Amino acid sequence: MRSRHLALLLALSLLSACKSQKEEPPAAPAKPAQKTKIGLVLGLGGRGDQSFNDSALRGLEMWAAGVKYEGGGYKDVAPEERQSSLQTSLGQDMVRRGLQMTPLGITPVVLQSRVAEDYEPNLQLLVDQGVSLSLAVGFMLENAVETAAKRNPEMRFLLVDSPLLSAQGEPYTLPNVRTVVFREEEGCYLVGALAGLTTKTGKVGFVGGMEIPLVKRYEAGFRAGVAATHPKATVMANYTGGFTDFALGKQVGQDLLAKGTDVIFAAAGMDGLGAIQAVKEARDEGKPVYVIGVDSDPSHLAPKAVLSAVVKRVDLVVYEAVRDRVQGRFEGGNLSLGLKEGGITYAPVRLDFPDKDEALRKLEELKAKIISGEIKVPTHPDQLRPATNGP
């Protein structure tokens, strides 16, 4: 009797279990984890400037997100292409600093600004789209970042190439804004020294964009570097008044070449690309002339003409800001980066010229003296000695 009772209970339990299994609804498929969105507002040069904006895009898209923009959309980038980008941009610095630069699992949201009036609404649009961090590249976005940051204190911002400035023009901080400026004059000093060691005519050119303190730092450092290695050389400076006119930059470059310059430093955004094209065409005609780029290494545009470039680590700054935000340790404040911090360097000198090895040794010697503080690089042409080069 007892065994029959136990059998009945077992049968009822099994029936109940089967009934429960049938009545349970199927489990919903697990939703993929939503990626953190990181926004970027580009300066007027836009995507494809081969300089400042493209460097920021490299740090956000290729390094932080592991994607590249093609045909109006994003595609995963091959690991070997990503690694090649790291090596080309960072070189031995990456090895020295032990940088791994692993993708951070984020989704990039990039907005182009057609006119300066687009900056502020674009930053607000990023906030409205729910990005975790807004990146603004270029000193011209300073006012827009300040306004957006005060309006949205919960949002984090990175401003590259300018501090926040008070009504009196003094730098100040906001808790939700990290600003990064570069001591560009240090890198310009080195490429100026290289120009002085390379020129055969004793005439070198400088193509600037707008005559603003930022670009004046480029000119001051470049002039001082030329004077350090070729005191009798003449530096001819010409400003285009902007950063978006390729044709004007080319015209200015051609004019400097016609005046006998054989090395030109192009520090003018899209205008600078025009100057590079002018030198490239002259080089293709057999003329022994060189050009030096800025922000990123433009040697792929004119491999027979580009001598070097002042490289800003905008890509690295962007990547590190995104990494800090993803890891929950993004903080506001002001950063100043130069040769010592690895924020500024000069691109590899790939072209051959007489006494190249000795010239490169001299550059490294000057670099060490700048880092140690033995050489103080001027930040404005007015700080140069009257005897220093050129008009």
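What to note about this one:
- Among the GluC sites (Glu not before Pro) in the range 139-185, those located in a DSSP loop and surrounded by at most 13 other Cβ atoms within 10 Å of their own Cβ are GLU154.
- Cα shape, the range 183-241, gyration tensor, a/c 1.5 rule: oblate
- Set LYS312/LYS362; LYS37/LYS75; LYS200/LYS232 screened for pairs whose C-alpha atoms are more than 19 Å apart: LYS312/LYS362
- Three-way shape call for the range 298-374 based on the alpha-carbon gyration tensor, with the a/c threshold at 1.5: oblate
- Cβ crowding within 10 Å, taken as a proxy for footprinting-reagent exposure, orders TYR218, TYR74, TYR189 from fewest neighbours to most as TYR74, TYR218, TYR189.
- Inter-centroid distance (Cα atoms) of the range 269-316 relative to the range 185-215, Å: 13
- Cα-based equivalent ellipsoid, the range 294-334: semi-axes from gyration tensor eigenvalues, Å: 32, 10, 4
- Counting only DSSP beta bridges whose two residues both lie in the chain, roughly 15 percent are antiparallel.
- Taking LYS75, LYS362, LYS304 as the candidate residues, the one with maximal mean-square fluctuation in a Gaussian network model of the chain, Cα springs under 10 Å, is LYS75.
- Against the empirical curve 2.2 N^0.38 Å, the C-alpha radius of gyration of the range 36-182 lands at a ratio of 1.07.
- Positive-end residue of PRO378, VAL311, PRO231, charge dipole of the chain with Cβ unit charges: VAL311
- Among 290-296, 366-372, 44-50, the peptide with the highest mean count of other Cβ atoms within 10 Å heads the list, and the full ranking is 290-296, 44-50, 366-372.
- Relative packing of 342-355, 259-272, which averages over residues the other C-beta atoms within 10 Å, highest first: 259-272, 342-355
- Cα Rg over Rh - the chain, Kirkwood: 1.19
- When peptides 201-207, 334-340 are sorted by average Cβ neighbour count within 10 Å, with the highest value leading, the order is 201-207, 334-340.
- SER299, SER134 arranged by Cβ crowding within 10 Å, fewest neighbours leading: SER299, SER134
Each value in this text was obtained by applying a stated rule to the coordinates, not by laboratory testing. All values reported here derive from a predicted model rather than from experimental measurement. Counting neighbours? That spans all protein chains shown, and the Cβs are built from the backbone with ideal geometry, glycine included.
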